[in-house]
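Visitor: Let me begin by handing over the structure; questions about it come next.
A short reminder: the numbers here are calculations on the coordinates, not readings from a lab. Quick caveat: nothing in here was measured; it's all calculated off a predicted structure. Here Cβ is always computed from backbone atoms with ideal geometry, including for glycine, and neighbour counts include all displayed protein chains.
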Amino acid sequence: MITEMNETIKKTALADAHIALGAKMVSFAGFLMPVQYEGINAEHEAVRKAVGVFDVSHMGEFIVKGTKALELLQQLTSNDVSKLTPGKVQYSCMPNVEGGIIDDLLVYMIDDLTYMLVVNASNIQKDFDWIQANLIPDVELKDISEKTSLLAVQGPKATEVLQKLTTVDLASMKYYTFQKGILAGIENVLISATGYTGSGGFELYVDNKDAEKLWNAVFQAGKEEGIKPAGLGARDTLRLEMGFRLYGNDIDDTTSPIESGLGWITKFTKNFTSSERFKAQKENGVERQIVGIELVEKGIPRHHYPVLGTSGQVIGFVTSGTFAPSLQKSIAMAYVSSAYAAEGTEVAVSIRDKAVKAKVVKIPFA
């Protein structure tokens with residue numbers, strides 16, 4: 001099933017495979033993407049209990065290379081890139097000069113002179129333009145997004161499935177590390193112990209020409225483990241249960257990493273874009289901050305729904321919300337006035353003009 005199509009939409013190398021599987025396809029960040037196959041709850045459960053596979057080839061990949069690549073990335077990203085060694089990955093964000101977030105991203109250290117940045121699909125051009133505008137001598141920037149496919153094989157049985165296809169010792173790979181190796185007979189696969197689900201697993205970067213071969217091999221290997229394809233719908237419910245931020249919802253060009261609970265990737269051991277502003281926020285506090293919210297009455301909180309204080313006044317708004325399949329309750333992330341951010345604070349979410357009782361809870365949700 002295909003909805004919301006237009007002539008300029010891009011396709012991943014696996015689009016035809018998704019359609020053949022009966023996926024509901026939608027336009028997302030300019031790409032034709034599967035939102036679900038069997039159903040969001042079934043796909044969510046497969047990832048939590050066994051193994052599921054996402055095509056996330058819409059994500060962007062840049063290569064930053066040169067003798068001053070580290071210097072450039074230290075200036076443009078909030079985390080401390082100097083802590084990386086070859087084979088390690090770092091979660092970070094790229095701030096703008098107004099104190100917001102251009103994008104959140106992964107930084108891969110390939111070797112002493114080479115890094116790969118993995119950015120959000122909706123921000124590929126914006127990110128590339130920003131880095132290009134801030135390039136310094138002896139650094140080369142290259143966009144390899146259009147020739148790169150990315151599969152996320154996630155769940156407690158992901159290692160068991162993928163180990164059938166490679167001699168790389170997957171079980172010994174630590175979280176946020178990667179190796180290049182042969183997988184399913186395909187050379188030079190970047191195997192990354194990362195993901196966006198909270199259930200463990202790997203992300204596999206390959207050339208587009210090898211994407212379908214890899215997809216088929218992974219599903220063949222995972223038959224005994226009950227492997228299932230999973231779409232954007234399950235990806236969203238899985239990441240929200242973990243409290244992982246979604247660009248465009250929970251963070252954007254107007255939110256600071258301090259407000260959005262990303263102080264842990266904001267390191268003041270160096271100077272970077274807007275670092276003085278963020279340092280002041282950390283020292284003096286912020287007027288609003290992101291919190292977890294759990295509904296204590298029936299209802300489903302959605303993006304932009306108002307969050308109310310005990311007197312019915314608006315104190316913030318929902319950024320992401322859903323009925324969490326694993327937790328069997330309605331949860332949300334929201335920006336609220338800092339006076340209401342303490343765990344256990346009673347609040348309400350306005351759902352169709354009704355104040356539905358809720359409370360502030362820890363992230364990740366439990």
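Visitor: List the trypsin sites (Lys or Arg not before Pro) within region 305-358 that DSSP assigns to loop and that have no more than 16 neighbouring Cβ atoms inside 10 Å.
Guide: For trypsin sites (Lys or Arg not before Pro) across region 305-358 that sit outside H, G, I, E and B with at most 16 neighbouring Cβ atoms in 10 Å, the list reads Arg352.
Visitor: Which whole-angstrom value gives the distance between the alpha carbon centres of region 25-90 and region 228-257?
Guide: 11 Å
Visitor: For the chain, set up a GNM with springs between Cα atoms under 10 Å and report which of Asp169, Asp236, Asp143 has the largest fluctuation.
Guide: Checking each option, the largest mean-square fluctuation is seen for Asp169.
Visitor: Determine, from the Cβ-Cβ distance of Lys213 and Lys10 and an R0 of 25 Å, the FRET efficiency 1/(1 + (r/R0)^6), rounded to the nearest 0.05.
Guide: E between Lys213 and Lys10, to the nearest 0.05, is 0.75.
Visitor: How about region 85-183: which trypsin sites (Lys or Arg not before Pro) there are in a DSSP loop, with at most 10 other Cβ atoms within 10 Å of their Cβ?
Guide: Filter output for region 85-183: Lys174.
Visitor: Residues in region 291-308, backbone N under 11 Å from the label point at Lys354 (7 Å along the Cα-to-beta-carbon vector): list them, ranges by number please.
Guide: Under cut-off, by backbone N: 297-300.
Visitor: Mind scanning Lys49/Lys164; Lys24/Lys223; Lys24/Lys49; Lys157/Lys267 and naming the pairs with a C-alpha gap bigger than 27 Å?
Guide: Flagged as over cut-off: Lys157/Lys267.
Visitor: Would you mind calculating the relative contact order of region 119-192 from Cα pairs under 8 angstrom and at least 6 residues apart, reporting the percent as a whole number?
Guide: With pairs under 8 Å counted, the relative contact order is 16 percent.
Visitor: Could you grab the Rg to Rh ratio for region 287-366? Cα atoms only, Kirkwood for Rh.
Guide: 0.91
Visitor: Arrange Ser57, Ser199 by Cβ neighbour counts within 10 Å, fewest through most, would you?
Guide: Ascending number of Cβ neighbours within 10 Å: Ser199, Ser57.
Visitor: While we're on this one: Only sites in a loop by DSSP and with at most 16 other Cβ atoms within 10 Å count here; which GluC sites (Glu not before Pro) in region 208-267 make the cut?
Guide: Glu224
Visitor: Just want to confirm a number: the relative contact order over the chain, from Cα pairs under 8 angstrom separated by 6+ residues, in percent.
Guide: The value is 17 percent.
Visitor: Which value, in debye to the nearest 20, describes the size of the charge dipole of the chain about its Cα centre when Lys and Arg Cβ atoms bear +1, Asp and Glu Cβ atoms bear -1, and nothing else is charged?
Guide: My answer is approximately 800 debye.
Visitor: Taking square-rooted eigenvalues a ≥ b ≥ c of the alpha carbon gyration tensor, is region 123-176 rounded, prolate or oblate, where a/c under 1.5 means rounded and, failing that, a/b exceeding b/c means prolate?
Guide: Taking the square roots of the gyration eigenvalues as a ≥ b ≥ c, region 123-176 is prolate.
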